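As structure tokens, the structure follows; a few thoughts come after it.
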Amino acid sequence: MSEKDNPLTEAFFYILLSLRHPNHGYGVIQEVEELTKGRVSLGAGTLYGALQTMQKRGWIRVVSQETESRKKKEYIITEAGKEVFETERARLAELLGNAGLMDRA
């Protein structure tokens, strides 16, 4: 993993989280909105651009593709994607832990 991979954008963080199980684009949008109680709403352009980038980086892969009319794809996080996610989670945990220092000031 390179320095440019971290920190993750909030969109990347939630997309990777939503791909812990096979999910398609619209499912990702719905899950992110649900997880954030509507605070984060991914547009189609943002989502599909991010999915393309993550696929190129090897963080996600296609697990199935519908061959019918719309060719809906389902994606899942890869081991490399899990590593990137865990690195970001550890960074955020450190950030929150250090924020607690304000309580002791």
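The values are calculated or read from the model by the stated rules, or taken from the named source; none is laboratory data. The structure presented is a predicted model; accordingly, all values stated were derived computationally and were not measured. Every residue, glycine as well, gets a Cβ built from its backbone with ideal geometry; the counts of neighbours run over all protein chains shown. Areas reflect the complete protein model, heavy atoms only, side chains present, ligands, DNA and RNA absent. Shrake-Rupley method; radii C 1.70, N 1.55, O 1.52, S 1.80 Å.
Projected label points at L101 and K73, each 7 Å from Cα along the beta carbon direction, are separated by 4.3 nanometres.
Once C-alpha pairs closer than 8 Å and six or more residues apart are averaged by separation and normalised to the residue number of the range 6-97, the relative contact order reads 33 percent. Accessible surface for T53 stands near 50 Å², nearest 10, in the context of the full protein assembly shown (1.4 Å probe).
Just one of [x] 14.7; [y] 16.4; [z] 13.5 is Kirkwood radius over Cα pairs in Å calculated from these coordinates, so which is it? The value matching this structure is [x].
Taken over the chain, lysine pairs spaced eight or more positions apart, or on distinct chains, with alpha carbons under 18 Å apart number 4. Straightening the chain between E86 and R61 buys 7.2 nm, computed as 0.36 nm per residue apart minus the Cα-Cα spacing. Against the main long axis of the alpha-carbon atoms of the chain, helix 79-99 sits at an angle near 30°. Computed about the Cα centre, the dipole magnitude for the chain is approximately 240 debye when only Lys and Arg (+1) and Asp and Glu (-1) carry charge, each at its Cβ.
Put the Cα centre of the range 89-105 next to the Cα centre of the range 10-82 and the gap is 29 Å. For R57, the accessible area of its heavy atoms, probed at 1.4 Å with every protein chain present, is near 90 square angstrom.
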